[in-house]
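A.B. asks: Here it is, the structure, as structure tokens.
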Amino acid sequence: MNGAGAVVRTLADCGVTTCFANPGTSEMHFVAALDTVPDVRGVLCLFEGVATGAADGYGRMTGRPAAALLHLGPGLANGLANLHNARRARTPLLAIVGDHATYHKRYDAPLESDIDALAWSVSGWVRRTARSADAGCDTADAVAAALSPPGQVATLILPADAGWSDGGEPGSPARPRPPAPVLDELIVPAEAALRGGEPTVILLGGSALRRPGLDAASRVAAATGARLLAETFPARHERGAGVPAVDRVAYLVEIAASQLAGTRHLILAGASAPVSFFAYPGKPSTPVPAGCEVHVLAEPGDDVPGALMTLADRVAAGAAPAPHQPQRPELPDGDLTGESAAAVIGALLPEGAIVCDEANTSGLWLPGATAGAPPHDWLSLTGGSIGQGLPVATGAAIACPDRPVLVLEADGSAMYTGQALWTHAREQLDVTTVIFSNRAYAILTMELERTGAAAGPTARDLLNLSRPDIDFTALAAGMGVPASRAGTAAEFAVQLKTALAEPGPHLIEAALAPAW
Ligand SMILES: Cc1ncc(C[n+]2csc(CCOP(=O)(O)OP(=O)(O)O)c2C)c(N)n1
């Protein structure tokens, strides 16, 4: 067995059964090894940002890493933005980056670059395999590192000769470390704050936003009067009818500050204390009010649901969680706007849907319109690096082939990694993509005002996506995804119903009336 064979065999043995790939010459032996290990499914992605975003979506939905196969430094660099989002999501993810053969590096061939430096910018673990005999063990270590709680990007750099040389041996899967149990020292201050009767908010993040954590937090809220909030951009949030509802901390720091106004105790459960996304002249960097005491109940790598359950048993012994009641909006009529589109989505969202939300300004009405829809998962733009929605949906659909995936995608963001549609078609993934076509970088028009920048017509033209208008139905059709355009709320409802009813990928361009 050569080193590449040992890597792929070890991946399969460790349960890494999907590899989102955009390979090159230095990865040819890895690619060849996929033929000998059918347990690992290779999925071709036509841009590295699709491969890394897909691995993020897969990891968020399974809790296990997928591999992203990338070509030297430039391939890794192309994938970095979505690795950044995966790092912020704390997703277990294994990046495998091919490199030149060890003896070839000193020639400084054109693709030579500092892969390690790029890798460390997003990874919690990086290793360069020295020789074929180490390839299997290094792979097993990489998988264990990716799974280290709460999850992280692990990058394995694989020189071509370590891949093609004989002497490879599969590595033994390592048992991942479990999340750390939460100590009494952390529970006691949170309990005291909750018993003190002062205004208290519990901020939920990471694994707290799954059913067991939500139920426990809801019990605490019911018994103590504490309010619950969720981090602004959760990696995966279970919500809908029957699940306790939790609003998210708002993106705009002024609104976040009003959500937290008067709070005397902020208890962090798997979340970091909230901060403003950006600094603005004259505005605070954090919405946490002065004088508010911040208590860390559980860090993201801890047993966060366990901590919440312990807390609930202490302060809410008799209390039951408060599930959100089933409730859907009426199907609207009239213009297609962000608001009416949200009502259509809320009315039609199927049970068990995985929603990949990169709707940006068009998504303002979505949380309210979908709160009482049948239970679903909501995946958001964790790191603020746009171009994640379509790739994340790719990985989520491969991870959960029996669940419908709905991508809610703003037009500007769609143009970063639109190649994902080709993979949706090739793999016949059950992904419905809605493009919110407002023909603008609308949020930046707002940010222009907020930053106080003096904007003229040249500045505004850089935030405008018309001239020409982008024809998303043509782009989708060109990549093999059936597509339609909706110009009214009623058209959108008919098209969404059809797309959700038929298996396989679909795209609907929601041509919105201009909002600004
Ligand atoms: C990788 C990356 N590049 C650039 C940006 C800056 N940026 C933030 S929002 C945005 C435009 C968003 O436009 P669109 O996706 O159409 O959503 P809209 O604001 O119109 O709702 C840009 C370019 C970013 N966040 N990430």
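The values are calculated or read from the model by the stated rules, or taken from the named source; none is laboratory data. Being a predicted model, the structure only gives us computed values, none of them experimental. Cβ coordinates were reconstructed from backbone atoms using ideal geometry, including for glycine residues, and neighbour counts include every protein chain displayed. The protein model used for the area step is the full one, side chains on, heavy atoms only, and it has no ligands, DNA or RNA in it. Shrake-Rupley method; radii C 1.70, N 1.55, O 1.52, S 1.80 Å.
A.B. asks: Against the conditions (1) open to solvent by 10 Å² or more (accessible area, probe 1.4 Å); (2) touching a residue at least 60 places away in the same chain (Cβ under 8 Å), where does residue 59 fall short? Just the number, please.
C.D. replies: Against the list (1) open to solvent by 10 Å² or more (accessible area, probe 1.4 Å); (2) touching a residue at least 60 places away in the same chain (Cβ under 8 Å), residue 59 comes up short only on (1).
A.B. asks: Taking residue 387 and the conditions (1) in a loop (DSSP other than H, G, I, E, B); (2) buried (at least 24 other Cβ atoms within 10 Å of the Cβ); (3) of a type in the set (Gly, Ala, Ser); (4) away from the ligand (no atom under 15 Å from the Cβ), which numbered condition does it fall short on, given that it satisfies the others?
C.D. replies: Unmet for residue 387, out of (1) in a loop (DSSP other than H, G, I, E, B); (2) buried (at least 24 other Cβ atoms within 10 Å of the Cβ); (3) of a type in the set (Gly, Ala, Ser); (4) away from the ligand (no atom under 15 Å from the Cβ): (4).
A.B. asks: Which pairs have Cβ atoms under 7 Å, sit 6 or more apart or on different chains, and link a residue in the range 110-123 that is among the aromatic types (Phe, Trp, Tyr) to one that is open to solvent by 10 Å² or more (accessible area, probe 1.4 Å)?
C.D. replies: Pairs found: 120/126.
A.B. asks: Moving on. Which strands (runs of 3 or more DSSP E) does the range 412-516 wholly contain that include 2 or more residues that are within 16 Å of the ligand (Cβ to nearest atom)? Steps first, please.
C.D. replies: Values: elements: 431-437, 483-486, 506-511.
Ranges flagged: 431-437, 506-511.
A.B. asks: Return the pair list, or none, for Cβ contacts closer than 9 Å from residues in the range 402-430 that are among the aromatic types (Phe, Trp, Tyr) to residues that are outside any loop (DSSP other than H, G, I, E, B) and within 16 Å of the ligand (Cβ to nearest atom), at least 6 apart or on different chains.
C.D. replies: Short answer, once both residue conditions are applied: 416/49; 416/81; 416/390; 422/50.
A.B. asks: Could you list, in sequence order, the residues of the range 296-308 that are surrounded by 19 or more Cβ atoms within 10 Å (Cβ to Cβ) and in a helix (DSSP H, G or I)?
C.D. replies: Hits for the range 296-308 are 304, 305, 307, 308.
A.B. asks: Across the range 309-326, which residue is modelled with the lowest pLDDT among those that are under 16 Å from residue 192 (Cα atoms) and in a loop (DSSP other than H, G, I, E, B)?
C.D. replies: In this case the residue turns out to be 317.
A.B. asks: Residue under question is residue 154, and the condition is that it be open to solvent by less than 60 Å² (accessible area, probe 1.4 Å), at pLDDT 95 or above and assigned to a strand (DSSP E or B); does it hold?
C.D. replies: Values: open to solvent by less than 60 Å² (accessible area, probe 1.4 Å): yes; at pLDDT 95 or above: yes; assigned to a strand (DSSP E or B): yes.
For residue 154, the condition - open to solvent by less than 60 Å² (accessible area, probe 1.4 Å), at pLDDT 95 or above and assigned to a strand (DSSP E or B) - is met.
A.B. asks: Sort out which residues of the range 327-369 are surrounded by 19 or more Cβ atoms within 10 Å (Cβ to Cβ), small (Gly, Ala, Ser) and not in a loop (DSSP other than H, G, I, E, B), and write them in order of number.
C.D. replies: 338, 340, 341, 342, 343, 346, 362, 363, 369
A.B. asks: Follow-up question, since we're still on this one. Name the residues in the range 73-99 that are aliphatic (A, V, I, L, M) and buried (at least 24 other Cβ atoms within 10 Å of the Cβ), would you?
C.D. replies: 76, 83, 86, 89, 93, 94, 95, 96, 97
A.B. asks: Here's a follow-up. Considering (1) under 28 Å from residue 423 (Cβ atoms); (2) more than 26 Å from the chain's Cα centre (by Cα); (3) surrounded by fewer than 17 Cβ atoms within 10 Å (Cβ to Cβ), say which one residue 497 fails and leave the rest.
C.D. replies: Every listed condition holds for residue 497 apart from (2).
A.B. asks: Another question about this same structure. Given 223, 154, which one is over 23 Å from the mean Cα position of the chain (by Cα) and either under 30 Å from residue 16 (Cα atoms) or touching a residue at least 24 places away in the same chain (Cβ under 8 Å) (or both)? First the steps, then the outcome.
C.D. replies: On the way: 154 fails: over 23 Å from the mean Cα position of the chain (by Cα).
The conditions single out 223.
A.B. asks: Scanning the range 161-179 for residues that are of a type in the set (Gly, Ala, Ser), modelled with pLDDT of 95 or more and not in a helix (DSSP H, G or I), which turns out most open to solvent (accessible area, probe 1.4 Å)? Spell out how you get there, then give the answer.
C.D. replies: Taking the range 161-179 and keeping what is of a type in the set (Gly, Ala, Ser), we get 162-163, 165, 167-168, 171-172, 174.
Right, trim to modelled with pLDDT of 95 or more and you get 162-163, 165, 167-168, 171-172.
Filter again for not in a helix (DSSP H, G or I), leaving 165, 167-168, 171-172.
Working: 165: 41, 167: 41, 168: 10, 171: 6, 172: 92 Å².
Here the residue is 172.
A.B. asks: Do you know which residues across the range 392-411 are open to solvent by 10 Å² or more (accessible area, probe 1.4 Å) and either in a loop (DSSP other than H, G, I, E, B) or hydroxyl-bearing (Ser, Thr, Tyr) (or both)?
C.D. replies: 400, 401, 402, 403, 404
A.B. asks: Do you know which residues across the range 276-291 are modelled with pLDDT of 95 or more and either open to solvent by less than 20 Å² (accessible area, probe 1.4 Å) or part of a helix (DSSP H, G or I) (or both)?
C.D. replies: Correct list: 276, 287.
A.B. asks: Go through the range 6-17 and give me each residue that's at negative phi and open to solvent by 10 Å² or more (accessible area, probe 1.4 Å).
C.D. replies: Of the residues in the range 6-17, the ones at negative phi are 6-14, 16-17.
9, 12, 13, 14, 17 - these are the residues of the range 6-17 that are at negative phi and open to solvent by 10 Å² or more (accessible area, probe 1.4 Å).
A.B. asks: Kindly check whether there is at least one residue in the range 141-151 that is out of contact with any Phe, Trp or Tyr (no Cβ under 7 Å at 6 or more places or on another chain), assigned to a helix (DSSP H, G or I), in contact (Cβ under 8 Å) with a residue 40 or more places away in the chain and closer than 19 Å to residue 103 by Cβ.
C.D. replies: no
A.B. asks: Sort out which residues of the range 438-454 are surrounded by 15 or more Cβ atoms within 10 Å (Cβ to Cβ) and either free of Cβ contacts under 8 Å to residues at least 24 places away in the same chain or within 30 Å of residue 402 (Cβ to Cβ) (or both), and write them in order of number.
C.D. replies: The answer is 444, 448.
A.B. asks: Further, regarding this structure: Within the range 197-219, is there a residue that is surrounded by fewer than 17 Cβ atoms within 10 Å (Cβ to Cβ) and part of a helix (DSSP H, G or I)?
C.D. replies: Looking for residues that are surrounded by fewer than 17 Cβ atoms within 10 Å (Cβ to Cβ) and part of a helix (DSSP H, G or I), one finds at least one in the range 197-219, hence yes.
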